[in-house]
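Below is one structure, written out as structure tokens, with a few remarks after it.
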Amino acid sequence: MPGTARHDREMAIQAKRNLSKTTDPVERLRLQCLARGSAGIKGLSRVFRIMDDDNSRTLDFKEFVKGLNDYAMMIDKEEAQEIFRIFDKDGSGTIDFDEFLVTLRPPMSNARKEIIMQAFRKLDKTGDGVITIEDLRGVYNAKHHPKYQNGDWTEDQVFRAFLDNFDSPYDKDGKVTKDEFLNYYSGVSASVDSDAYFILMMKKSWKL
């Protein structure tokens, strides 16, 4: 049970509502991502990663705008320039997109980050920092899944569907990195007000 569908719906509705009230360009971009559900910010990070041909983990303004357009973000050029300026702290004409994504994530308390990382470590059986189908075999029981029980899906298909929950909507590769996991749960976290409730939800979901 990664962040319930109900939380996702509530968060998307809330984000759309808040969009009309805010003028802060970074907050507007964050809300547009959250309006797509928990995987919204992660989806944008994937678009940027694909565009980063030379693996520099930086983007210039042209790439930044193209990434926003590819992801169908409703942001005009002036607003994009303002966001870019905020992140181009040293005036080099490029931004570090890891830093950009960390800032874009809705803020989370350390207690929330810690419980998310506990869940990640439990799932990452091999300890290589990426969750794959192999990792899930020992920790996630596919046999309870209704589609496995009625013969529609194999065990591997159940695992893949499970991983796809965390994966970017536009580039599902069957692997979930620590960042993707955090990005996903920062979206879920945005729809849960209380730390105690969020931690309880995570403990129950992952039997921590």
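The values are calculated or read from the model by the stated rules, or taken from the named source; none is laboratory data. Because the structure is a prediction, the values reported are computed rather than measured. Heads up, the Cβs are rebuilt from the backbone with ideal geometry, glycines too, and the neighbour counts pull from every protein chain shown. Areas reflect the complete protein model, heavy atoms only, side chains present, ligands, DNA and RNA absent. Shrake-Rupley method; radii C 1.70, N 1.55, O 1.52, S 1.80 Å.
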Of the residues 184, 71, 197, which exhibits the maximal mean-square fluctuation in a Gaussian network model of the chain defined by a 10 Å Cα contact cut-off?
-> 197
Calculate, for the chain, the solvent-accessible area per residue in square angstrom, rolling a 1.4 angstrom probe over the heavy atoms of the protein chains.
-> 52 Å²
Once you treat every alpha carbon in the range 19-66 as an equal point and sum by Debye, what is log10 I(q)/I(0) at q = 0.29 Å⁻¹?
-> -1.05
Flagged links, alpha-carbon separation over 31 Å, of 21/175; 66/204; 89/178; 16/62 | 21/175; 66/204
Roughly to the nearest percent, how much of the accessible area of the range 88-208 is carbon and sulfur, given a 1.4 Å probe?
-> 51 percent
If each of residue 18 and residue 122 carries a label point 7 Å out from its Cα toward its Cβ, how far apart are those two points in nm?
-> 2.7 nm
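Averaged over every viewing direction, what's the projected area of the C-alpha convex hull for the chain? Give it in nm², one decimal, please.
For the chain, averaging the hull's shadow over all directions gives 12.4 nm².
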Please state the relative contact order of the range 70-208 as a whole percent: Cα pairs under 8 Å, 6+ residues apart?
-> 26 percent
Around residue 109 (Cβ within 14 Å, Cβ-to-Cβ, excluding residue 109; K/R +1, D/E -1) the net charge comes to 0
